[in-house]
Amino acid sequence: MAIHHKVLIIGSGPAGLTAAIYTARAGLLPLVIEGEPSSTSDQPGGQLMLTTEVENFPGFPEGIMGPELMTRCREQAARFGAEFITEKVTRVDFSSRPFRAWVRETEYSADSVIVSTGAQSLMLGLPEEPRLIGHGLSTCATCDGFFFRGQEIAVVGGGDSALEEAQFLTRFASKVHLIVRRDALRASKIMQERALANEKISIIWNSTVSKIHGDDKVAGVELTNTQTGATSELGVTGLFIAIGHRPNTDLFKGVLDMEDSGYLITKPGSTYTNIDGVFACGDVQDHTYRQAITAAGSGCMAALDSERWLEHQH
Amino acid sequence: MAQSITTLTSANFDETIGSSDTPILVDFWAEWCGPCKAIAPVLAEIATEQAGNITIAKLNVDDFGDIAMRFNVMSIPTLIVFNKGEVAKRLVGAVGKGKLLQELAEFLPNSH
């Protein structure tokens, strides 16, 4: 027998938890299948669990730590009766109602589903990555920066997360090289200014990492110049990857409409997907803004869309 | 009764690992590591459910960096299973309970 809820929320970043707060306050007793622990951003709480200070979330003039913010959102949802399961959904069936989702053998059903599975960090795709992850190669600066005290390391990427990581890592490392594919940074102006002003950060433009050296730990990287194709060596003992994200939508392939890049498609100005009663919010359907506050905003939209849709059933 | 998690320090590390009758899983962690916090409840559950089969212990890398270095820990959480005093398995990164139990299956009796 399936365990039935009016609203099922899959994913628990700012979008999912905001949807949970709203639907819980509306008395819909949502079930949140929040994901399971991981060292990537595909985990309960989402991408903010791997960040440090969040300075741009309204209401926190002194800033707030990302994990702390997410813990508070979760408590707020729980306070109004949201239920949580710390597992990953393994399969869904949205072809008939009630909609169904499984965690391995356990079946859940719901009148309405809110998808907020977010996005996770991309890796470089080099064959040596699986071997070296945890041995000098990392996707989590806040977890691993500590182990590189006094060492020379590199961060790959030119966006806000790459710059935030580089900045954070200068607390430990003697020098942080920022490896940027183009001749410009994607990051916001304030982050760029901070990075450029930091003496410990040096930027290597127009370059990609083509090889990571080292048998049992990172012992340097080979760089390829994107303009000339010339290769060079960089002697670093640590490499942090922050080159962007891909949406966590493998679960919904062939079920929900998505772009070639995997982002879910929602009807403009709403959170409606191609399936009536299934809504999507947060980074899983947004490759433009990708902020905690926009995710939270769309989580609220999904909750209201779902609430109103449920009222018109029967 | 919940079995408590053993706290390791430089003073008791070798002794505890060397004298353990069961395999012992050491969680290398730190206060500032989000994924470490995320797996703490998972480890607590396993400590209780598998009491007598496997010992769960934790080592704070902030306080005992020398031990972390000895085992080349460069990323946390790192989980190292010691069996009869030897490193038997090493897992880097946080995982869910199901996945962790799969990884630990070889150290646990076949109980379903």
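Quick notes
- Spatial separation of Cα centroids for the range A:9-23 and the range A:46-70, in angstrom: 17
- Rounded, prolate or oblate (a/c below 1.5 giving rounded, otherwise prolate when a/b exceeds b/c) for the range A:14-173 by Cα gyration tensor: oblate
- Residues of type lysines that residue B:84 reaches as a straight line, Cα spacing below 18 Å, ignoring anything fewer than 8 places off in the same chain: B:58
- Taking a straight line from the alpha carbon of residue A:200, these lysines sit under 17 Å away, with near neighbours fewer than eight places off in the same chain left out: A:175.
- Anisotropy class assigned to the protein assembly as shown is oblate, per the alpha carbon gyration tensor with a/c at or over the 1.5 cut-off and a/b no larger than b/c.
- Of the GluC sites (Glu not before Pro) in the range B:1-99, those whose Cβ has at most 16 other Cβ within 10 Å and which sit in DSSP loop: B:31
- Global geometry of the range A:129-241, whether rounded, prolate or oblate, following the gyration tensor of its Cα atoms and the 1.5 cut on a/c: oblate
- Under 5 Å between amide hydrogens, built in the peptide plane, is the criterion, and for residue B:56 it picks out B:6, B:25 among residues at least 5 positions away or on other chains.
- Restricting the chymotrypsin sites (Phe, Trp or Tyr not before Pro) of the range A:239-296 to loop positions (DSSP other than H, G, I, E, B) with no more than 16 neighbouring Cβ atoms within 10 Å leaves A:289.
- Taking the DSSP beta bridges with both ends in chain A, the antiparallel portion is around 45 percent.
- In the elastic network of chain A, a GNM with C-alpha springs shorter than 10 Å, the most mobile of A:45, A:145, A:254 is A:254.
- For GluC sites (Glu not before Pro), the sites in the range A:14-57 that DSSP calls loop and that have at most 12 other Cβ atoms within 10 Å are A:55.
- Rounded to whole Hz, the Karplus (6.51, -1.76, 1.60) HN-Hα couplings of the range A:255-262, x for glycine and proline: 10, 10, 5, 9, 6, 4, 6, x
- From phi via Karplus (6.51, -1.76, 1.60), per-residue ³J(HN,Hα) for the range A:229-241 in Hz, x at Gly/Pro: x, 5, 9, 8, 10, 10, x, 10, 9, x, 9, 10, 9
- Cα-projected label distance for residue A:288 with residue A:129, points at 7 Å along beta-carbon direction, nm: 2.8
Rule-based calculations on the coordinates, nothing more; no lab input. From a predicted model like this one, the values you see are computed outputs, not experimental measurements. Don't worry about glycine lacking a Cβ; one is built from the backbone with ideal geometry, like all the others, and counts go over all protein chains shown.
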